[in-house]
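Just below is one structure, and these are the notes that go with it.
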Amino acid sequence: MLQNFFILCSGADSTILKTCSEGEQNKYAGIGATVFFTAVMAFIASSYALFTVFDNLFTSIFFGLIWGLLIFNLDRFIVSTIKKRNSFSSEFIQALPRIILAVIIAIVISKPLEMKIFEKEINQVLLEEKNTMTLANKEQLALQYTPAVEKLNQDISSLKAEITTQAAETNALYDTYITEAEGTAGTLLLGKGPVYEEKRDKHDAALAELQQLKTTNADKITGIETQIAVLNTEYAEVVKNSQPVIDGFDGLMARITALDKLPWLPSFFIFLLFLAIETSPIIAKLLASKGEYDLKLEDEESAIKTWVAQKVQQREQVLATDTALNDKIYGEIKEEEDVYAYKKKKAEELLRLQADAFHDMQVKSL
């Protein structure tokens, strides 16, 4: 039963193959088994690839099954349409388009399995790319907020510098009226005279202005710091909202790109393995000698071809004979006087009837 199933997978004519030897049946059973297991590998590979896309097990299995059946049908068609001929070159030319198709199928099958085999290495590459993308994303988003924050920080620095300048001026006035009282500067008179009082009043006025400036600028700085905090919060929120997009950078195309960044030699050997599996039925048929099944199939096809050619030739001969007979019969009838007289009589009667009908119509119209 298993042998019959694999023979069915090979696309061979089971009726003809049953009349062949056991070895011939085993050969085509082996070809059918290769076709079947290639389709199984295609199903597994496509299911995994689709799982990375849909992230749903049942959906991936469903479409993977469809893909596996498609590959099975293609391989079965490729193998069954290769006919053994007496010339290897003609067989190779016949099989060349099918070999190209087999190479394409091998690439499609091997790529998802390569991604599964090198999954850990691919995850490492993706992690590094995600980290790089996260840093680049933060820098790019920061360009939208950094200029505004820097300007606000400059405003705070300007307000603090204004307080510092005013404090320095107030301290200078303090030193002036103190040295005036000590007699070490100004009028050089010891004691608190009119000049001392004038300089102290000027200092007190400057000190009051300084206190007022500190209060005003502190309120302004608090407001600016609130704006900076709001901008920083918005920046953090934007970064947080965009991070899931980077974290989701794990699709099929991303994994294929990451796989291409790994050393090519292991992937190449895996591809060669699947290429060998995919092309093995074709290569086997090309390299195998013309067997009992091929001879019987060729005999049956040639018999049908001969029978069809014979039927076509017979129909052509019947047509030619019938045409010649018709030409001869109608040629002889053409020469018969009785037929001519009869046709002439009937034509005259028809003309009379037409003339009478026309006359009656004209009379009615008067």
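Just to be sure, is L126 modelled with pLDDT of 80 or more, surrounded by 16 or more Cβ atoms within 10 Å (Cβ to Cβ), under 17 Å from L275 (Cβ atoms) and touching a helix residue (DSSP H, G or I) at 6+ places or on another chain (Cβ under 8 Å)?
No: the conditions fail for L126.
Across the stretch 3-59, the number of residues qualifying as without any contact (Cβ under 8 Å) to a residue 12 or more places away in the chain and in a helix (DSSP H, G or I) comes to 11. Filtering the stretch 113-123 to residues that are modelled with pLDDT of 85 or more and touching a helix residue (DSSP H, G or I) at 6+ places or on another chain (Cβ under 6 Å) leaves only I122. Set side by side, the residues A161, A172, A185, A142 differ, and just one is of a type in the set (A, V, I, L, M), in the same structural domain as K240 (by TED's automatic domain parsing), surrounded by fewer than 15 Cβ atoms within 10 Å (Cβ to Cβ) and at pLDDT 85 or above, which is A161. Being within 30 Å of K285 (Cβ to Cβ), touching a residue at least 40 places away in the same chain (Cβ under 8 Å) and either surrounded by 13 or more Cβ atoms within 10 Å (Cβ to Cβ) or under 29 Å from the mean Cα position of the chain (by Cα) (or both) is the requirement here; does D155 meet it? No, not satisfied.
Just one of the listed residues (F37, F77) is modelled with pLDDT of 80 or more, surrounded by fewer than 20 Cβ atoms within 10 Å (Cβ to Cβ) and over 22 Å from G291 (Cα atoms), and it is F37. The criterion of at least 1 residues that are hydroxyl-bearing (S, T, Y) and surrounded by fewer than 10 Cβ atoms within 10 Å (Cβ to Cβ) is met by the following helices (runs of 4 or more DSSP H) wholly inside the stretch 256-366: 292-334, 337-365. Taken over the stretch 80-97, the criterion of being surrounded by fewer than 20 Cβ atoms within 10 Å (Cβ to Cβ) and in a helix (DSSP H, G or I) is satisfied by S80, F88, S89, S90, E91, F92, I93, Q94, L96, P97.
The values are calculated or read from the model by the stated rules, or taken from the named source; none is laboratory data. No experiment lies behind these values; they were computed from the predicted model shown. Neighbour counts run over all protein chains shown; Cβ positions are idealised from the backbone, glycine included.
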